[in-house]
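For reference, the structure discussed in these notes is given below.
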Amino acid sequence: MDEISYTDRIRAELQKIDTYNTNIDDESLSMLQKAEIDLSLDIPSPPPVLYQGERVMISKGDFSVVVGAAKSRKTFCVSAMVGAYMCTDEYMNMSSPNDAGSVLWIDTEQSIYHAAKVARRVCRIAGLPTNQKTDRFRMLCFREYEPGKRRELTDKAIRLYRPSLVVVDGAADLILDVNDSSESARLATMFMDITKELDNHIVTVLHTNPGGDKPRGHLGTNFLNKAQALFIVRADGDISTVSVERCRDIAVDDFAFAVSKEGLPVLTSIPEKSDKADNLKAIFCKYTQPVRQTDLRDTIMKNEGIKKAMANRRIQEARKTGLLIENNVGLLYYKGKEVSNESEQLPF
């Protein structure tokens, strides 16, 4: 169907619907033409970017979101995904098609020193040199720029290097306010435009709200509504579990990894609930005397080296499992399994 006949048909259809709505400019008509699904055509599935086994994890022409609390090892998770994409074989049960291209990693948070450590980690996984530049993998650091400039440079870098896979580690830093619905929508639209135009995939990394798994603000909501897949990374002691949700292709299995002595993520078994209870017991077993929740939180933040949100989550988990008990004045204490009767349970 040529453009003229399409234009005439659209105008005729609009005339039938609303006689006052026929004054449409050619640009809008062209956009309508591009947006229409032509069922006479065979529309193939998008080319895969990364597999888990034989299942498609992410595809070209789309973007995905990796979320997690601070210290959940989100960057290690993405390092494994990117390393597996560039690896000649597979890594952590992930692999790429034979025509895998280049990767561009954009970091908005870390110093050059720490970003370089991540870059070398990825190259070690991929079997690439760690002491020289390579066209297959580039990392750019935009921490020193203001959000508008970071967003502009991100767009230009992707269009300049035209990578098959892009990582934006710290997408929230590309806008001023993650709760600004207009800014959030524009950024999500920018990523969708880029992936459609360049036929690549963008992996974005976001922080979660304190005490939950939902990424922060309107930005997180926009990304979740538009993304192909959501990967939630949760730290459980020395192990991080990755839950794969909202995947639009074949369901992908959850997986877990630990960090080896060599500093690389390695696949491991998903912790059983009993393991999680043991970890919580190890954290709270020393707090047998009643203590205010805020004081307990501050103490385990210091002792465990975790942030406030994670400390609060650990306390709530311990309360739900019965390891922490609240007395009649609102103080918390650890309830050991050795307690055998009600009178001994009361520490006051």
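The values are calculated or read from the model by the stated rules, or taken from the named source; none is laboratory data. These numbers come from a predicted model, not from an experiment. Cβ: placed from backbone, ideal geometry, glycine included. Neighbour counts: every protein chain shown. Just so you know, the surface numbers come from the protein's heavy atoms only, side chains and all, with ligands and any DNA or RNA stripped out. Shrake-Rupley method; radii C 1.70, N 1.55, O 1.52, S 1.80 Å.
A few remarks follow.
- Of the residues making up segment 50-69, those that are in contact (Cβ under 8 Å) with a residue 60 or more places away in the chain, open to solvent by 20 Å² or more (accessible area, probe 1.4 Å) and closer than 26 Å to Met190 by Cα number 4.
- Lone qualifier among Arg124, Arg150 - being at pLDDT 95 or above and over 20 Å from the mean Cα position of the chain (by Cα): Arg124
- Extreme residue, modelled with the lowest pLDDT, among residues of segment 18-46 that are surrounded by fewer than 10 Cβ atoms within 10 Å (Cβ to Cβ) and over 26 Å from Lys196 (Cβ atoms): Thr19
- Test: residue in segment 118-126 that is in contact (Cβ under 8 Å) with a residue 60 or more places away in the chain and out of contact with any Ser or Thr (no Cβ under 9 Å at 6 or more places or on another chain): no
- Count - residues of segment 69-121 that are on the phi > 0 side of the Ramachandran plot, touching a Lys or Arg at 6+ places or on another chain (Cβ under 8 Å) and at pLDDT 95 or above: 0
- Residue that is in a strand (DSSP E or B), under 16 Å from Val168 (Cα atoms), under 14 Å from the mean Cα position of the chain (by Cα) and in contact (Cβ under 8 Å) with a residue 12 or more places away in the chain, where the choices are Val205, Val244: Val205
- Residues considered: Leu176, Leu153. Of these, the only one that is open to solvent by 10 Å² or more (accessible area, probe 1.4 Å), in a loop (DSSP other than H, G, I, E, B) and farther than 13 Å from Val66 by Cα is Leu176.
- Candidate set: segment 310-335, residues that are surrounded by fewer than 17 Cβ atoms within 10 Å (Cβ to Cβ) and part of a helix (DSSP H, G or I); chosen: the one nearest to the chain's Cα centre (by Cα): Gln316
- Count of residues meeting criterion [buried (at least 16 other Cβ atoms within 10 Å of the Cβ) and in contact with a strand residue (DSSP E or B) (Cβ under 9 Å, 6 or more places away or on another chain)] in segment 109-135: 11
- Lone qualifier among Ile175, Ile158, Ile106, Ile112 - being more than 18 Å from Val203 (Cα to Cα), out of contact with any Gly (no Cβ under 6 Å at 6 or more places or on another chain) and among the β-branched types (Val, Ile, Thr): Ile112
- Residue within segment 255-267 that is open to solvent by less than 50 Å² (accessible area, probe 1.4 Å) and of a type in the set (S, T, N, Q) present: yes
- Selection over segment 208-219 of residues that are open to solvent by 30 Å² or more (accessible area, probe 1.4 Å) and either at pLDDT 95 or above or part of a loop (DSSP other than H, G, I, E, B) (or both) gives a count of 6.
- Hits in segment 75-95 (condition: open to solvent by 20 Å² or more (accessible area, probe 1.4 Å) and closer than 24 Å to Ala157 by Cβ): Thr75, Phe76, Cys87
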